[in-house]
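Have a look at the structure below, then the notes.
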Amino acid sequence: MSGLPEKVKGRPSLNGVYGPVIKAGVLCKRAVIKGKTFHAQNYKNRLFELTENFLAYYEGDLQNKGKQKGVISLVVMKVVREVEDRKLEDKDNVFQIVYSEKNDFSTMYVQASSNEERQAWLDAIRAGALKAGAQFFNKYHTGVWTKKKPYYNCCHQSDRNAVGCKGEQYSSSPPVPPVPPPRETAANKEYVAMYDYDPTDEWGLELVQGEKYIILDDSADNWWLARNVDGKQGYIPSNYIKLNCGLELFEWYYKDCSRELSKTLLLNAKKEGTFLVRDSVSSPGEYTLSIFTTENEGNVRHYQIKRNNAGQYYISANYPQNSIQELVHYHKHNAGGIYTRLRDPPPRGNKPSTAGFGHKRGRRGCFGVVYEGTYLNGHTLTPVAIKEMTVKPSSDEVLQEFKTMTQLRHPNLVQLYGVILNQTPQMIITELLNHGALNGYLQRHRRRLFYKPNDLLDIAVQASVGCGMEYLDKKNIIHRDLAARNCLVGKDGVVKVGDFGLARIVLDDDEYQMSEGTKFPFKWAPPEVLYHRKFSSKSDVWAFGILLWEIYSFGEMPYSGMRNPEVLKFVAEEGKRLEKPRAAPVPVYEVMKQCWAALPQERPTFNRIRTSLERLNARGDYISTDDP
């Protein structure tokens, strides 16, 4: 078994991952205002680093940058302007950055030490953003919008996303400084994805087989910075793409394939018309078409692809085509002199391995960080998830999760392989679900899933969970940490419940009293837990309602911007509930509200929840009409 190292060899680390630094310095940053939520408006000094495509900030200084706290892609910036002095809590030399994020706009306020420093940062960031292709708003606010005074103090508009009150002028922006001539690289060239790739962290970019991507940075061997057709940027495995030219783009082209190997591949396929095109061994520079036929209980025929005086390609001289790909296209629809028309190429097997799993090690469980690794069982290698205990729990806690999981057998619960207790750190080894935590999966696939409400409902049905929670309920087990971060997504979209570090078996009274001082997931907890620390199957039902909200909010944090005391007041004292997510149909939101009944006995059972969701799924009249 092996876990992910802190820094995967061959791939840049988070610090310095964005290329050469154009400008760096320590500035005072205010907490970012995001969406409709409120954040504590504190101020902290951060080290800012500007590169060609990103503005990143860290908790340290120029000598030791420390942990990265955030990053903004320059291309999504909408406003980079100064704030009028004394508009932000009597502070001077403040500037603002407005940028798009998750279909909304966020605003960062930053204070420089002098007007000269502020102007230097404004000039550098604006020039970089314009070069990266940012589309700035034509108006901006000279004042600020704050939680204390929820309106702009320059124009008194109360809507945080209100159109600016001052016109933007970019003609005076300084010219972009010249850059050295680029080396001959893959950068700025168009590539095509040969395989699907689902990123394992927030820095990755999803690849869709056949779609085109522009490479922005290929300075690392194995992971390149790319941009898709929608303008989104992220890191991709370099061996999953090919330059958009030549035959290597096509699945049917097997460049270095011998006659014997082609015969083996096609005979194994055993399907009429399975074919491939390969380089000719006997005539270098020419090509051969190999095709499987059903004659004589299976045979492989080889046809030399020839060229006529006009440079056209043909197998039968009566049907020449201008290119190999056009020739293949023609013979897919017409036999035209060959034994049978072409169907599909033979399967190539598994996609290539990536160099590591991504920028980040993995998700965090209740007691530790989760790595990806490999388990050698005899001669078989099995991908596994390795939960390493970083907070040094007692062996009793580790054994509790182990004992709980050994009692569970269900297709929608994560399978346990074993534990390691006789070393430090201790580890729990479970099956690996390749798409990672559900909240990250929902965030990455937000746009696709919005237009597929049946997929969202399928996730919800699995998550109840895929009958997984109903199964736990029948086993008298309360999970106590049901949330999207603790549900994992595997092949074909299967959803499984994991992380049983807080799970407990309850007997007669179906209730578990948590001891004082023990941590629990506050924002997923019902009133009886918030007040009395009393858990039951009905507290899991409440948490499932929050999970359902997460699913239809595409992995957003519930009660975002609220601290725990504010959540307690909102839920328990004022009796308020989360609003309906835009993507959630009204019947699904009704299920959520049933889960959030103030009294535990008024909440539905998991059996009833599953039945309700399955009935909606079968009825098919639940589609939301909102836009993403």
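Here, each number is a calculation from the coordinates, and none is a lab measurement. All values derive from a computational prediction rather than experimental measurement. Cβ placement follows ideal geometry from the backbone for every residue including glycine, while neighbour counts extend to all protein chains displayed.
When H333, H302 are sorted by how many other C-beta atoms sit within 10 angstrom of their C-beta, beginning with the fewest, the order is H333, H302. Length available on full extension from T293 to S100: 0.36 nm per residue minus the Cα-Cα distance, which gives 64.0 nm. Kindly state, to the nearest 0.05, the FRET efficiency for N45 paired with N476, given R0 = 51 Å and r defined as their beta-carbon distance. FRET efficiency, N45 to N476: 0.50. Look at the alpha carbon pairs under 8 Å that are at least 6 residues apart: their mean separation over the length of the stretch 213-280 gives a relative contact order of 20 percent.
For the stretch 122-128, backbone phi angles converted through the Karplus equation (6.51, -1.76, 1.60; θ = phi - 60°) give residue-by-residue couplings of 4, 4, 5, 5, 5, 4, x Hz, Gly and Pro being listed as x. Considered as an equivalent ellipsoid built on the Cα gyration tensor, the stretch 44-154 has semi-axes of 21, 18, 14 Å, the largest given first.
For the peptides 321-330, 136-145, 430-439, the ranking by mean Cβ contacts within 10 Å, running from highest to lowest, is 430-439, 136-145, 321-330.
With 28 Å as the limit on Cα-Cα distance, the pairs of K387/K475; K148/K580; K67/K87 that go past it are K67/K87.
Near E49: Cβ cut-off under 14 Å, other residues only, Lys/Arg at +1 and Asp/Glu at -1. The net charge is +3. The convex hull around the C-alpha trace of the stretch 224-277, projected and averaged over every direction, spans 5.5 square nanometres. Once backbone amide H atoms are built at 1.01 Å from N, K139 has G164, E168 as its partners under 5 Å, excluding neighbours fewer than 5 places away on the same chain. Computed over every Cα-Cα pair of the stretch 260-299 and binned at 5 Å starting from 0, the pair-distance distribution P(r) comes out as 6, 26, 29, 19, 12, 7, 1 percent. The Cα-based radius of gyration of the stretch 552-614, divided by its Kirkwood radius, gives an Rg/Rh of 0.99. The packing ranking, built from the mean of other Cβ atoms within 10 Å per residue, places the peptides 105-115, 20-30 in the order 105-115, 20-30, highest first. Spacing of the modelled spin labels on A317 and Q63, each 7 Å from Cα toward Cβ, amounts to 8.3 nm. Every Cα-Cα pair of the stretch 192-323 was included, and the share exceeding 23 Å stands at 51 percent.
Note on N239 and K91: the extension gain reaches 48.3 nm, defined as 0.36 nm multiplied by sequence separation minus the Cα-Cα distance. A simple spin-label model places the labels of V281 and K569 7.9 nm from each other, with each point 7 Å out along Cα-to-Cβ. Around the Cα centre of the stretch 516-617, unit charges on the Cβ atoms of Lys, Arg, Asp and Glu (plus for the first two, minus for the last two) sum to a dipole of about 100 debye.
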